[in-house]
1. In the stretch 252-263, which residues are open to solvent by 80 Å² or more (accessible area, probe 1.4 Å) and free of Cβ contacts under 8 Å to residues at least 40 places away in the same chain?
2. Could you tell me how many of the residues in the stretch 317-326 are charged (D, E, K, R) and closer than 18 Å to Thr391 by Cβ?
3. Determine, yes or no, whether Ser135 is small (Gly, Ala, Ser), open to solvent by less than 70 Å² (accessible area, probe 1.4 Å) and over 26 Å from Glu70 (Cβ atoms).
4. How do the strands (runs of 3 or more DSSP E) wholly within the stretch 346-404 filter down when requiring 2 or more residues that are surrounded by fewer than 17 Cβ atoms within 10 Å (Cβ to Cβ): which remain?
5. Quick one: which residue in Ser209, Ser218, Ser205 is more than 24 Å from Ile50 (Cβ to Cβ), free of Cβ contacts under 8 Å to residues at least 12 places away in the same chain and not in a helix (DSSP H, G or I)?
6. Would you please list the contacts, defined by Cβ atoms under 9 Å and residues six or more apart or on different chains, that run from a residue in the stretch 324-349 that is in the same structural domain as Ser205 (by the TED database) to a residue that is part of a loop (DSSP other than H, G, I, E, B)?
7. Test Thr255 against the stated conditions and say whether it is in contact with a Gly (Cβ under 8 Å, 6 or more places away or on another chain) and on the phi < 0 side of the Ramachandran plot.
8. Determine if the stretch 318-325 includes at least one residue that is part of a loop (DSSP other than H, G, I, E, B), polar (S, T, N, Q), modelled with pLDDT under 95 and open to solvent by 30 Å² or more (accessible area, probe 1.4 Å).
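The values are calculated or read from the model by the stated rules, or taken from the named source; none is laboratory data. Just so you know, these numbers come straight off a predicted model, no measurement behind them. Because the Cβ atoms are built from the backbone with ideal geometry, glycine has one as well, and the counts that use them run over all protein chains shown. These area figures cover heavy atoms from the full protein model, side chains too; ligands, DNA and RNA do not enter into them. Shrake-Rupley method; radii C 1.70, N 1.55, O 1.52, S 1.80 Å.
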Amino acid sequence: MFVFMLCLFLWSWLSSIHGLEFHYHNSMEMEQYLKDINRTLPDITHLHSIGQSVEGRELWVLILGQHPREHRTGIPEFKYVGNMHGNEAVGRVLLLQLIDYLTSRYLSDPLVTSLLNSSRVHILPSMNPDGFESSARECMYTKGRYNKNGVDLNRNFPDAFESTTGRKREKEVRAVMDWLKTQSFVLSANLHGGAVVASYPYDNSNGGSELQRGLSISPDDDVFVHLAKTYSYSHREMHNGNSCYDSQDFSHGVTNGYHWYPLPGGMQDYNYVWAQCLELTLEISCCKYPPEAQLPGLWAANKPALLAYMQQVHLGVKGVVMDSYGKPVQNAVVEVAGRRNVCPFRTDRNGEYYRLLLPGNYTIKVTYPGHKTLTRTIPVPYGPDAFSALTHNFLLQTSDYSSTATQLPQSCTTPDLGIQESDSATLLPSVFTALTLFLLQTLLML
């Protein structure tokens, strides 16, 4: 403990004197910075790669918290993702600044200490390092937006509203999809540039019941609007709704994604529908790749919003669902009355559930095969101020009757993964084999 406190003091002291420079660190510089932090503060940080880009660059994630190497029951998982579009570089810079801010103020700043003690924070500064390395320092153009294969990563995820069967999933997208399977994320945001607004799901629609007055409304729309306004009103100017001279006005600085423009294959909808993680898209700068002189001002404008948004991971109710023996059960369906999610929320491998909800009374129904349905009405307070959602555990009882558990749609358990690189590698040989057999059969018939 003494060694940790000494390291933390030295890191805080050095950061207060020098701090992280406001400039665009290339991939090698960013990697070295993350490794230095992890080496200096191994008790509150853990660095790992979730995969590689097309050109082989690591997709580094730094985890921060009291127990960075493992999940602890009752501690929600939060994430920030930056630089999904390679030429939208401000998010990458701000997430590195956020890492510096959190690590240098832990145990000295009450807000930072409470955030890291009550949640586990995952930060992926650059989802598209190849695009970043090829970007031009321009405000509005697209050079570097796409990955090495020329694909927009924010159009490459499975979509709940239209089929993407046969579409190849890029390496960076597959890495994120696999990452979501390893962690039960509760709240997330991905950082973009080119506007100043907080955008929330849905991004797409097929004209069904979700489409209302030009908006694509999710079952958790009230929570999403609250989350978006939390960011916009904590931001220095986003809530004004007119920060960019060449952009449309956004009431309160927020927008429904589909209402702004329809976007198929987006990451925030995928997080929400398939990973049970509520995610926003944060557009944080008018210029996608502004001069470095503007970076300190952009950090000052976004810092309080980034922190306030992290605190919202403690909205609502959380707990463990157990069988009649008190053993946590996986895949119990936890439904909130009046919220018919495309894919019902269910418990993870630890038997845990997290439901982000605004203060109020909610009726929650829990179903699990071979057990009686359990329904409870629960008064839910506002959790962020206390840095904890309400904890409510469910103890199920076995049933003598046939299971009435909610059946998950097939698409919820096995989302369309598209064509993988390995698939395309074996596609030609399989086609060749089929043609060969066909020709042999034809010759034998002659």
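1. The answer is Tyr261, and nothing else.
2. Residues in the stretch 317-326 being charged (D, E, K, R) and closer than 18 Å to Thr391 by Cβ: 1 in total.
3. On the way: small (Gly, Ala, Ser): yes; open to solvent by less than 70 Å² (accessible area, probe 1.4 Å): yes; over 26 Å from Glu70 (Cβ atoms): yes.
Criteria met by Ser135.
4. The qualifying strands (runs of 3 or more DSSP E) are 360-367, 374-380.
5. Values: Ser218 fails: free of Cβ contacts under 8 Å to residues at least 12 places away in the same chain; Ser205 fails: free of Cβ contacts under 8 Å to residues at least 12 places away in the same chain.
Unique residue meeting the criteria: Ser209.
6. Within 9 Å, no pair qualifies.
7. no
8. Here is the first cut: in the stretch 318-325, the ones part of a loop (DSSP other than H, G, I, E, B) are 323-325.
Those still in the list that are polar (S, T, N, Q) too: 324.
Adding the requirement that they be modelled with pLDDT under 95 leaves 324.
Checking which are open to solvent by 30 Å² or more (accessible area, probe 1.4 Å) leaves us with 324.
Yes, the stretch 318-325 contains at least one residue that is part of a loop (DSSP other than H, G, I, E, B), polar (S, T, N, Q), modelled with pLDDT under 95 and open to solvent by 30 Å² or more (accessible area, probe 1.4 Å).
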